[in-house]
Amino acid sequence: MSKYPPDRRQKEVRNSAISGACAGLVSSVVTCPLDVIKTRLQVRPEASASGSITHGGFDNVTTVIRKIWTEDGLRGFYRGLGPTVIGYLPTWAIYFCVYDAGKKFFGEHTALSHMHPFATHIASAMLAGATSTTCTSPMWVVKTRTMLQTASVPKHELYRHTFDAFVKIYRSEGMMAFYKGLLPSLLGVFHVVVQFPLYEHFKSMTSEFKRGDALSPGSILLCSGGSKMLASMATYPHEVLRTRLQMVPKCTTHNGVVMRQYSGFVQTFVSILRYEGISGFYRGMGVNLVRTVPNSGLTILTYEVIMHYFATHSI
């Protein structure tokens, strides 16, 4: 039997979902410019002049920033904000809801809690990550496509808004286009598998936790930022693979045969490894670390503050 009455459990799940959605909204708006820069760094800016399959010519951070400002001004740094906000709201709502419910389920109905102190956190993070990623995959495809659009894109191909992007992608590529990059995204579940157990561990090391007090904002930021940075460094390659697969399909000519540049997970992995080496899997990681630390800090800080508000006001 559960040690929590049904109405209390439902209230906690509801509050967790609301807190998660608000946390995602705040962090996505604040860190959107860095997300745009990172996404641009992960891909080549232009196809090669000869049309052959080449993988050189990647921009550096300064070049990307200059191009965005010159072509689109301040607005360019917020390309993809619409689908990002729309995507983060359900993503974090689903994530935190499933994560909290998972901790209760695995802790009360399985033997995981007796196997290792972090076993329930790991299982919950995997379940929550896979669920939220699968449910919101279409939004992330639209977000990536929008962030990669530049002034050189023909006007009839330019996405005017999020709904327009959905319509154009569906008409030109079909429903399956919205699930491109899902496999590397699911591999990204290991990111949260690393992050959240580390976050729980870092929390347990704070003086506030040992005294039984609520963590201060500074402690929350330090714990969440540290765990996010370590997790990002360990699992970053999946982000490059996902971005390459979610790009607008580009066909090139090779020995008279028209072929797609990135046609699948294995082909993309081999292509990057062959033409770019190991460093190709880490393009944009520096900017990503600069982005993810405040992103994670804002997300978890907002989540914890709102959850604390709900608890203290008995909402």
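The values are calculated or read from the model by the stated rules, or taken from the named source; none is laboratory data. Because the structure is predicted, anything quoted here is derived from the model rather than measured. In this analysis, Cβ positions are derived from the backbone assuming ideal geometry, glycine residues included, and neighbour counts consider all displayed protein chains. These area figures cover heavy atoms from the full protein model, side chains too; ligands, DNA and RNA do not enter into them. Shrake-Rupley method; radii C 1.70, N 1.55, O 1.52, S 1.80 Å.
PHE178 - would you say it is outside any loop (DSSP other than H, G, I, E, B) and surrounded by fewer than 17 Cβ atoms within 10 Å (Cβ to Cβ)?
No, not satisfied.
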request  = Being outside any loop (DSSP other than H, G, I, E, B) and among the basic types (Lys, Arg) is the filter here, so list the residues in the range 259-315 that pass it.
outcome  = ARG260, ARG274, ARG291
query = So which residues in the range 279-315 are open to solvent by 60 Å² or more (accessible area, probe 1.4 Å) and touching a Pro at 6+ places or on another chain (Cβ under 9 Å), if there are any at all?
reply = TYR282, VAL305
ask   = Counting just the residues of the range 60-93 that are of a type in the set (Ser, Thr, Tyr) and under 21 Å from ILE18 (Cβ atoms), which one comes out least open to solvent (accessible area, probe 1.4 Å)?
value = THR84
inquiry  = Please verify whether LEU198 is in a helix (DSSP H, G or I) and free of Cβ contacts under 8 Å to residues at least 40 places away in the same chain, treating the condition exactly as stated.
reply    = yes
task = Quick one: VAL26 ticks every box in (1) within 16 Å of ASN295 (Cβ to Cβ); (2) at pLDDT below 90; (3) open to solvent by less than 40 Å² (accessible area, probe 1.4 Å) except a single one, so which number is it?
result = (3)
remark   = Of the residues in the range 106-160, those that are β-branched (Val, Ile, Thr), at pLDDT 85 or above and more than 26 Å from PHE58 (Cα to Cα) come to THR131, THR133, THR134, THR136
request  = Give the number of residues within the range 257-315 that are in contact with a Lys or Arg (Cβ under 8 Å, 6 or more places away or on another chain), under 24 Å from CYS32 (Cβ atoms) and not aliphatic (A, V, I, L, M).
outcome  = 7
note = Those residues of the range 221-251 that are in contact with a Lys or Arg (Cβ under 8 Å, 6 or more places away or on another chain), open to solvent by less than 40 Å² (accessible area, probe 1.4 Å) and among the β-branched types (Val, Ile, Thr) come to a total of 1
inquiry  = Contact list please: Cβ distance under 9 Å, first residue in the range 114-133 and within 9 Å of VAL98 (Cα to Cα) and in a helix (DSSP H, G or I), second residue modelled with pLDDT of 80 or more and among the polar types (S, T, N, Q), pairs at least six apart or on different chains.
reply    = ALA125/GLN195; SER132/THR91
remark   = Those residues of the range 281-296 that are at pLDDT 90 or above and either of a type in the set (A, V, I, L, M, F, W, C) or within 11 Å of the chain's Cα centre (by Cα) (or both) come to a total of 3
